[in-house]
1. Where in segment 128-216 are there helices (runs of 4 or more DSSP H), lying fully within it, with 2 or more residues that are in contact (Cβ under 8 Å) with a residue 24 or more places away in the chain, closer than 17 Å to I113 by Cβ and of a type outside the set (V, I, T)?
2. Which of the residues that make up segment 150-193 are crowded, with 21+ Cβ neighbours inside 10 Å and in contact with a His (Cβ under 8 Å, 6 or more places away or on another chain)?
3. Against the conditions (1) over 21 Å from M276 (Cβ atoms); (2) in contact with a strand residue (DSSP E or B) (Cβ under 6 Å, 6 or more places away or on another chain); (3) at pLDDT below 90, where does S214 fall short? Just the number, please.
4. Of all residues in segment 249-278 being assigned to a helix (DSSP H, G or I) and touching a Phe, Trp or Tyr at 6+ places or on another chain (Cβ under 9 Å), which is surrounded by the fewest Cβ atoms within 10 Å (Cβ to Cβ)?
5. For residues that are farther than 21 Å from A298 by Cβ and buried (at least 23 other Cβ atoms within 10 Å of the Cβ), tally how many sit in segment 71-91.
6. For segment 67-91, which residues satisfy the criterion of being touching a Pro at 6+ places or on another chain (Cβ under 9 Å), closer than 25 Å to Y163 by Cα and outside any strand (DSSP E or B)?
7. Could you say which residue among A298, A307 is on the phi < 0 side of the Ramachandran plot, at pLDDT below 55 and surrounded by fewer than 19 Cβ atoms within 10 Å (Cβ to Cβ)?
8. Pairs please, first residue from segment 99-112 and under 12 Å from D82 (Cα atoms), second anywhere and part of a loop (DSSP other than H, G, I, E, B) and among the hydrophobic types (A, V, I, L, M, F, W, C), Cβ atoms under 7 Å, 6+ apart in sequence or on different chains.
Amino acid sequence: MSKKKTVEAFNGMSEQNAVKDFNTVSEREAAKDFNAMSEREAAKDFNAMSEREAVKDLNQKLRKVFDTPNGKAFIPFLTAGDPSADATVRYILEMEKAGADLIEIGIPFSDPIAEGPVIQEADIRALKSGMTTDGAFDIVKRVREKSGIPLAFMTYANPVFHYGYDKFLIKCEEAGVDAIIIPDLPFEEKREVEATANAHNVALISMIAPTSESRIQEIASEAKGFIYVVSSMGVTGTRSEIRTDVGAIVESIRRVTDVPCAIGFGISNPEQAKAMAAVSDGAIVGSAIVKIIARYAAKLPSEENGAKNTGTRQAESVGNTETRQEERPKSMETRQAESAENTETRQAEGTEAIYEASAAEIYRFVKEMKEAVLGA
């Protein structure tokens, strides 16, 4: 073969090999890109599916709240630690026995902007008793030892933010909190909380007020668990009558979702509860119950009038004893010890009697309200 043909053959072979190598590399790169794209799409699809499943699970979890003979639920509220953690646990269990379908537990906060005087005072009592956010979680854990009733925390954005969204919602999941309600969290800013809540199987409850107007359907379309419909302008508290056309609000909500609606703010008696349940899926009552608790809390031995005065009297008694020690030291010390022991026993018995009486009245009230809701 001539030199010219040899060169041509060599060049042809080189070009073929180069093309072959290039095609092989291109195919590998294309396959790699395709696989990477497929993985991204698969991950995207998986995440979207997971989010849909999470929403579905949250809705199903709280759907049982409204699984009653007429599809209407009664939801009472109380403040954690008012007047003590022991009392709160007892009251929650009594509410369940009386027929409550879900119980809202308020985490006491120094600036509860959505609350009226009754619940503000409950927050103050609870904070004075030493209640904290961790204490509220402990209350839930104690309830969960005896009950599986759905529970929701009512709190504010600042305490949750300060505690840490992840930490707070992880503890909600661990303790057994089913939902959280944050009245001062704007709809437009809920994303950062909601994503974490969904991840930990906790429903972030949407609130719709008379002022929501054009945003009612937008808020409702993204709601999970149930929708908290605010019956009246202003803060929580009992009202003699509710003038807002809540039926129109509920009707607007139902055009975009079948998530249940429960009406709260201002409901204080069976007639109001029945009327609100008739146009929605349930009634929420807080201040009327907290008033019962407040009335009995006022009868408890206070720290100032009880323990401090007892301590003062004991100190005075000790002083007098020291003055008269030479006369009868041992008998006086014995009487002081017996007196202190008897005082503590009487206080404990008195506290238990007050807790028992208040729990009984709360039971009767919740039972009466639940019957009214079932009659709607």
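The values are calculated or read from the model by the stated rules, or taken from the named source; none is laboratory data. Quick caveat: nothing in here was measured; it's all calculated off a predicted structure. Cβ atoms come from the backbone with ideal geometry, glycine included; neighbour counts cover every protein chain shown.
1. Because the criterion is at least 2 residues that are in contact (Cβ under 8 Å) with a residue 24 or more places away in the chain, closer than 17 Å to I113 by Cβ and of a type outside the set (V, I, T), the helices (runs of 4 or more DSSP H) in segment 128-216 that meet it are 157-163.
2. L169, C172
3. Only one criterion is unmet by S214, namely (2).
4. Of everything passing the filter in segment 249-278, A277 is surrounded by the fewest Cβ atoms within 10 Å (Cβ to Cβ).
5. Taking segment 71-91 first, the residues farther than 21 Å from A298 by Cβ are 71-75.
From what's left, buried (at least 23 other Cβ atoms within 10 Å of the Cβ): 72-75.
Of the residues in segment 71-91, 4 are farther than 21 Å from A298 by Cβ and buried (at least 23 other Cβ atoms within 10 Å of the Cβ).
6. A80, G81, D82, listed by residue number.
7. On the way: A298 fails: at pLDDT below 55.
Answer to the check: A307.
8. What qualifies is I105/A80; G106/A80; I107/A80; P108/A80; P108/M131.
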